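The values are calculated or read from the model by the stated rules, or taken from the named source; none is laboratory data. All of these numbers come straight from a predicted model, not from anything done at the bench. Backbone-built Cβ (ideal geometry, glycine too); neighbour counts: all protein chains shown. Remember, those area values only see protein heavy atoms, side chains included, never the ligands or the DNA or RNA. Shrake-Rupley method; radii C 1.70, N 1.55, O 1.52, S 1.80 Å.
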Amino acid sequence: SVTQLETACGDVGIICDSSDINNLPPGIYSSPKRVTFNGADYAFRANSNYVFLINGDLDINTNITVPVGSTAIFIVSGEITVADNVRNIQGIYSANENFIVADPPGPGPDEQLVIEGSVVANAGRTSFTFTNGRTLANNDTTPAVQFIYRPDFILNSPELLRFSNYSIKEVA
């Protein structure tokens, strides 16, 4: 069965803090509108699977940890934005529109974002993109966004989602 994320987070605005997410039982969650993840770092339960179906945008304002043996899948009809303070997110992220890595304000070099898992931008196959707003001081040798493949997410995901095609392109 599908649980409304609004009920699970106990917030009319669907702003989930870390205590909401850290205590969620495994399952499928849906939202009819924009969702914001705030607060301290999120840590999903071990040996648990989560699917989030969001009919709107997803704003990620905190680090997200998914232990080996668990899966967190975020399927978003709008865009996904990762805030400038976020350094690590884990999971499978699919946005029908843009996937945006926010540019930290102010002068000086930014910090690297590490994404463990997969990102799909433009899943709706229109004209949206993956946008990286970060620049590192040593950008020539270290990427501002690093992807680490997590095959355990595919192995632990619901059977319907276990089939995938990959197309990888490195952009300078």
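Only protein atoms count toward the accessible area here, which uses a 1.4 Å probe; on the stretch 57-144, the carbon and sulfur part of that area reaches 50 percent.
Here the stretch 32-89 was treated as a single set of alpha-carbon atoms; its pair distances binned every 10 Å from 0 give 24, 51, 25 percent. State, to one decimal in nm, how far the label point of Thr7 lies from the label point of Val120, with both points 7 Å from Cα in the Cβ direction. Calculated label separation equals 2.7 nm.
Between Asn156, Asn49, Asn139, the GNM of the chain built on Cα springs shorter than 10 angstrom shows Asn139 fluctuating the most. Since only Ala83, Ser1, Phe44 are under comparison, the one whose Cα sits farthest along the positive direction of the charge dipole of the chain, derived from C-beta charges on Lys, Arg, Asp and Glu, is Ser1. Surface exposure of the chain, expressed per residue as accessible area with a 1.4 Å probe, stands at 52 Å². If the elastic network links every pair of Cα atoms under 10 Å, which of Asp140, Asp20, Asp41 fluctuates the most in the Gaussian network model of the chain? With Cα springs under 10 Å in the chain, the top fluctuation among Asp140, Asp20, Asp41 is at Asp140. Just so you know, the Rg over Rh for the chain is 0.95, from Cα atoms, with Rh as the Kirkwood radius.
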